[in-house]
Amino acid sequence: MSPDSPPSVKVTTGSGKARWARLGRRLGARVLTGVVMVLAVATLTFFLVHSMPGNPIQTEYQTLIARGVSPSLAAQQVAGMYGFVSSKPLIDQYGQYMWHLLQFNLGKSITASGEPVVHLVLSAAPWTIIPVLSGLIVSFLLGVSLGAVAAVRRTNRLGKVLSVSGSLFHGVPQFVWAVMLAYLFTTLLPIFPFGSPYNILDTPGWNGPFILSLVYSAILPVLAYALSSYGGWLLTMRSSVVTVLGDDFVLAAELRGLRPLTQLRYVARNAFLPLFTTLLLSVGFMFGGSIFIEEVFDYPGLGYQLVNAVNARDYPLMSGDFLFITVAVIAANILADFLYTFIDPRVRKAA
Amino acid sequence: MRTNSASLSSPTATTAQSVTVPGEVPGAEIRGLKVVFQTPAGPMPAVNDVDLDLPLGTITGLVGESGSGKSTLALAMMNAVPKPGHIAAGSIRLPSVTDMTRLQGKALRLARGTALGYVFQASQNSLNPLKRIGAQLLDLGRAHGMEDKGALLRHARELCERMGLDPVRTLSAYQHELSGGMRQRVGIVFALILNPSVLVLDEPTTALDMISQRTVLDIIRYVQRERHLATLIITHDIAIVADLADYLVVMYGGRVVEKGPTRHVLQRAAHPYTEGLIAAIPRISGDIDRAQPLPGRPPDLLSIPRQGCVFRERCAFAIDQCSVQTPGLMPVRVTRRHDALEEDSALLDGQVAACHVRAPAPSAKVST
Ligand SMILES: Nc1ncnc2c1ncn2[C@@H]1O[C@H](COP(=O)(O)OP(=O)(O)O)[C@@H](O)[C@H]1O
Ligand code: SF4
Ligand SMILES: [Mg+2]
């Protein structure tokens, strides 16, 4: 080619409409896979739950006996539960369960005297979701910003102290945080309430004192969620920033004389990218933690409900809780995948 | 500043340092440059006692095997030697900067990109993958106080056209949407957008296919002429610059071992290392069967001889003097031997080499 007549080169960039169509198709495919996964998990949990040793009636009977109730009285009380426990073959129960599931009917709770499981799960869900998300947001913001500082300052004291704090916090399991916080701030230094998610003297509703007591009682559980994941965010962000700092384009930006703030923005956005997926995926991990944390703080969320359902062998409620958590995790997955295409131009094309 | 140039004491040697033909305007003048890396074994020079002129309107090819200190030299020109290294001595004068090595902070940031355009060795990934190319050009302009977005974009579009890139599509593209050759051309756009008069390209064609290589080299030649730049092309492959460069500079073990007009250096290489480099390339040595790979390996920081000639461990012509005295750059002469007694030697225009055997210091003036 002659230098005076350089060839024209076409660059491939997706046009607007085609891109949206592509994104739509991708989302549709993901949702479909998600539904199939939910059904598979529902099947699995159904059989797992029913293969647990013991059954609801026997368990309740033994609980009553253990409490000192006389055998005849216990048998009488337990008799009321027969109506809710199916005696059909398991495979027929399964067929019915799945058929109801497709109509968003999760059956009736055995222990809560026939209350629809959907109601129970939905009324417990906010007690888990709100603290989990608050804890997640607090720890994410804190961990990510301090992780970036730890990376940039990795050779001096501040950076090292931050990294060590990350490792220490990361090493402590969620239930240890919960027990520790509960002991420190409700027993040793009783500045936080204990045993109820709000002050029972306030009238529930949209009034100031009640909401305040809600928030106040939520501080310790939220803190437990936050502290247990802070270290992970810090360490992940730190290593992500360190990786990006080693990328060629960062040196290039410096050698082109870009403003320090612009350089920082370039690094931060690139380092943040992998964490974004992890953020949404960690929703599942947080739900797992709710089992311990709600138990410790007597918080009436899904984890608490699930533990009680398992102990009482309340099959429909157990399945309902598992299913709700599964749906939440899968939905977070799909959301992560979908949003990722917006923040990383490189996957748009592959979409 | 010339702490390490013991061999430069003779007047002959000093005048021989400059390859600049009278009348040429210097674009960049590097004097006595020494870059040192801290290693577990103490400070080690990666670039040592380098004098280099890049006249405006010329292309200089800097060649040498990998590890000879080429990239370090280029980074030093930006005053951007990475830790654990630093510029230990020397000065770098650019048309708008008295001494690049003395700048710091905001003055240094502003000089980068404006005084000297740099195309990166890994230019394949020299852009933020998450931002459109046009937006990054605007960031660059803004960083250097060019508030007139319109003018900047016009200039960018014009440069893209010069590079044979579709301006609209290129500026709205992300890095990953471009091929290797296109990325390299975009790298040149970024290096030229702030109108520097010195352009440094580090291995601009490495990792490109043959056709893209050709295109990029043509573009370099073309913008060079159009903008009357002082261009430095760094490559480990002498064939890349054989047709393109006006001057060749050969580096080995952190030192310049030979330099001069390309034609002279290629036709009558004086330094055994230059000879070796040329012999290793079939296209220049002419005969593919006679292409000889250079035996031995280039030294790394720890194995560069501290005293004597840096090349002596691989040199077939070494004499005793080579291990005690560091050869300085001396004018290269062609000698035609008429008979045993009569010699007729002529100075080759501006070609200098650092070799006790091939370019000996005038014997009367040797200072040990
Ligand atoms: N950041 C660094 N730290 C330590 N040594 C380095 C660093 N960069 C380069 N070097 C050393 O400096 C010498 C010259 O390297 P370089 O300038 O990259 O050579 P070239 O570009 O000619 O291949 C090599 O021995 C290399 O190991
Ligand atoms: S100075 Fe000696 S060792 Fe160095 S290149 Fe010349 S002959 Fe070889
Ligand atoms: Mg290099």
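Observations, loosely collected:
- Per-region count, region A:278-313, residues closer than 13 Å to A:Val49 by Cβ, in contact with a Phe, Trp or Tyr (Cβ under 9 Å, 6 or more places away or on another chain) and touching a residue at least 24 places away in the same chain (Cβ under 8 Å): 1
- Some residue of region A:296-314 being in contact with a helix residue (DSSP H, G or I) (Cβ under 7 Å, 6 or more places away or on another chain), over 28 Å from A:Tyr97 (Cβ atoms) and either assigned to a helix (DSSP H, G or I) or within 14 Å of another protein chain (Cβ to nearest Cβ) (or both): yes
- Selected residue (criterion: nearest to the chain's Cα centre (by Cα)) from residues of region A:234-290 that are within 13 Å of chain B (Cβ to nearest Cβ) and among the aromatic types (Phe, Trp, Tyr): A:Phe276
- Candidates in region B:202-237 are the residues that are within 16 Å of ligand 3 (Cβ to nearest atom), within 23 Å of B:Thr274 (Cβ to Cβ) and modelled with pLDDT under 95; of these, the one that is nearest to the other protein chains (Cβ to nearest Cβ) is B:Asp202.
- Among the residues making up region A:263-299, those that are surrounded by fewer than 18 Cβ atoms within 10 Å (Cβ to Cβ) and hydroxyl-bearing (Ser, Thr, Tyr) are A:Thr277, A:Thr278.
- The C-beta contact set for region B:83-102 (first residue touching a residue at least 12 places away in the same chain (Cβ under 8 Å) and over 16 Å from B:Thr114 (Cα atoms), second residue among the hydroxyl-bearing types (Ser, Thr, Tyr) and away from ligand 3 (no atom under 16 Å from the Cβ), distance under 7 angstrom, 6+ apart or interchain) comprises B:Ile87/B:Thr101; B:Ala89/B:Thr3; B:Gly90/B:Thr101; B:Ser91/B:Thr101.
- Of all residues in region B:24-44, those that are more than 9 Å from ligand 1 (Cβ to nearest atom) and part of a strand (DSSP E or B) total 12.
- Search result, residues across region B:65-93 that are near ligand 3 (Cβ under 9 Å from one of its atoms) and either hydrophobic (A, V, I, L, M, F, W, C) or in a loop (DSSP other than H, G, I, E, B) (or both): B:Ser66, B:Gly67, B:Ser68, B:Gly69, B:Ala74
- For B:Leu152, the conditions (1) within 26 Å of the chain's Cα centre (by Cα); (2) part of a helix (DSSP H, G or I); (3) not polar (S, T, N, Q) all hold with the exception of (1).
- Annotation: of all residues in region B:311-323 being free of Cβ contacts under 8 Å to residues at least 40 places away in the same chain and aliphatic (A, V, I, L, M), the one that is farthest from ligand 1 (Cβ to nearest atom) is B:Ile319.
- When each of A:Ser228, A:Ser213 is tested for being within 24 Å of A:Gly288 (Cβ to Cβ), of a type in the set (S, T, N, Q), in a helix (DSSP H, G or I) and away from every other protein chain (no Cβ under 11 Å), the lone residue that passes is A:Ser228.
- Region A:233-255: number of residues that are within 16 Å of B:Pro129 (Cα to Cα) and not small (Gly, Ala, Ser): 10
- Pairs where the first residue, in region A:101-117, is β-branched (Val, Ile, Thr) and modelled with pLDDT under 85 and the second is surrounded by fewer than 14 Cβ atoms within 10 Å (Cβ to Cβ) and outside any loop (DSSP other than H, G, I, E, B), C-beta under 9 Å, 6+ apart: none
- Top-ranked residue of region B:64-86 - restricted to ones that are within 16 Å of ligand 2 (Cβ to nearest atom) and surrounded by 24 or more Cβ atoms within 10 Å (Cβ to Cβ), ranked as farthest from the chain's Cα centre (by Cα): B:Ser68
- Enumerated helices (runs of 4 or more DSSP H) restricted to region A:105-183, each holding at least 2 residues that are closer than 25 Å to A:Ala42 by Cα: A:117-152
- Flag for B:Val257 being more than 16 Å from ligand 2 (Cβ to nearest atom) and either modelled with pLDDT under 95 or buried (at least 21 other Cβ atoms within 10 Å of the Cβ) (or both): no
- With a requirement of 3 or more residues that are away from ligand 1 (no atom under 14 Å from the Cβ) and not aliphatic (A, V, I, L, M), the strands (runs of 3 or more DSSP E) lying completely within region B:202-263 that satisfy it span B:255-261.
- Against the conditions (1) in a helix (DSSP H, G or I); (2) within 14 Å of another protein chain (Cβ to nearest Cβ), A:Leu335 satisfies every one except (2).
- Boolean, B:Ile188 is among the hydrophobic types (A, V, I, L, M, F, W, C) and either under 13 Å from B:Val241 (Cβ atoms) or within 16 Å of ligand 2 (Cβ to nearest atom) (or both): no
The values are calculated or read from the model by the stated rules, or taken from the named source; none is laboratory data. Computed from a predicted model, the values in this text were never measured in an experiment. Here Cβ is always computed from backbone atoms with ideal geometry, including for glycine, and neighbour counts include all displayed protein chains.
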